Amino acid sequence: MTNGSGRRMRQRTILLGLGVLALLPLLVAGVLLHRADREDPVAVLPTLFVLPSEPPTFTPTRTLTATYMPTATLTPTATITFTATATLTLTLTPTLATRVVEISAVMPGVYVPSTATPFPVGTILLPAPPQPVEPLPDATHEPPPYSGWYSFESDHPLVQYSTPWQPRQIADASQGQYHRSENTMSYVTFPFEGEGLRIRYVAARNMGMFDVIVDGEVIDTVDAYADELRFPGTQVYFVGPGAHTLTIRSSGQKNSTSEGYVVGLDAIQVFRGSANTLILPPPAESVTPSPVPQPAAGVELVAAPPTVQPTTTPIAPGLLTISVVIAYDENGNRDVDPAEGVSGISVRAVEIGTNRVIAQSFTDSQGYAQLQVVTSAEVRVVVPYFGTVWGVPRSRSGGGQASYTLLLEPGNQPGLIP
């Protein structure tokens, strides 16, 4: 082998050795990684060693110590001082106000229609209890409940006397008997149930005055003096529905021409309406004084609505109650006695001007007929069979009550009256 070949062989050997040396770290790293996968991982940290070239030298240092000493410092502080201050209080004193101007607004053309009062069908409205037409049914001979007018005689069990009253028999009295007392401290009590009340008493020359007391309130004082013996009746009192207590007692007074203080009771008459009867009395009018306006200084009326001219107001419809008794005066005493009534006689209420019949009825077995009509027209009562006509007066409220008695002469009896 030549030198050139040998040289190339050495170069290849050197290069091969250098390659092996270069691959050796890679082999070592692969073995370590393989072992790390099979065993617990161990972190290999490289360590840097510093080799001192010279031994270390120590240099002494000075230590400074700071000491804190507290120092008192003067700090200004603001202090709040409360000072009393006067407070102004406003006091209001109420004063009376005076109405200076009062204006009424009139809206022409505005009409408010009237509405009907929702009363049950068949209800009979009355402004007051009707006037009784005697003879009345005797409550002694009929059991309660009572409807209409009934008479409780002076000897009825419900009529209680505080001291014994003297009974007197006389044909002109109700049922031929009445009771009297001269004791001014004596009185009569009577419990009843009804809306209307009327007392038939004794009037004579020796009779005094007596009080009519209902439920503890004096509603009337009656002067019973008369120049001859009579048995009149008081006015009809409306006491309202329900139970009441009547007391009759001497007032301790008498007429200046009377000869005594005697009080005589003939009968007590009570009106009780049926289930369909409702009494609505008109409202009582009371006089209210008008306040006197005080003059207002410094007030001037600049404008005001025009003065409304008065117009005619039509009369409002009212309830008229008309009672008629037609009887044959058999004994000629000018009074209606039992069994003298004429039945079946037509009684009509007609309008004045049109002559239109607005109500009609026929007399019953006692000769009694009653008409009730609500109207604003003038009305007359006509009994066509006998050609009798009566005018019906009206009250300020538009309603009214009227009672008429037609007595036939004894010569008209012979069975010609239907």
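What follows is calculated from the coordinates using simple rules that are stated; it is not laboratory data. Note that the coordinates shown come from a computational prediction; the quantities given were computed from them, not determined experimentally. Backbone-built Cβ (ideal geometry, glycine too); neighbour counts: all protein chains shown.
Overview of values
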| item | result |
| --- | --- |
| P(r), alpha carbons of region 181-255 - 10 Å bins starting at zero, rounded % | 18, 52, 25, 4 |
| Antiparallel DSSP beta bridges within region 318-412, as percent of all bridges there, nearest 5 | 70 |
| For S258, distant residues with modelled amide H under 5 Å away | none |
| Descending semi-axes in Å of region 318-412, equivalent ellipsoid built from Cα gyration tensor | 26, 13, 11 |
| Other-chain or far-sequence residues with amide H under 5 Å of D220's (modelled H) | V212 |
| Alpha-carbon centroids, region 345-368 and region 370-387: separation in whole Å | 5 |
| Approximate spin-label separation Y404-N255, in nm, with each point projected 7 Å along Cα-to-Cβ | 3.1 |
| Two-decimal log10 I(q)/I(0) for region 124-279, as the Debye equation yields it once each C-alpha is a single scatterer, q = 0.17 Å⁻¹ | -0.97 |
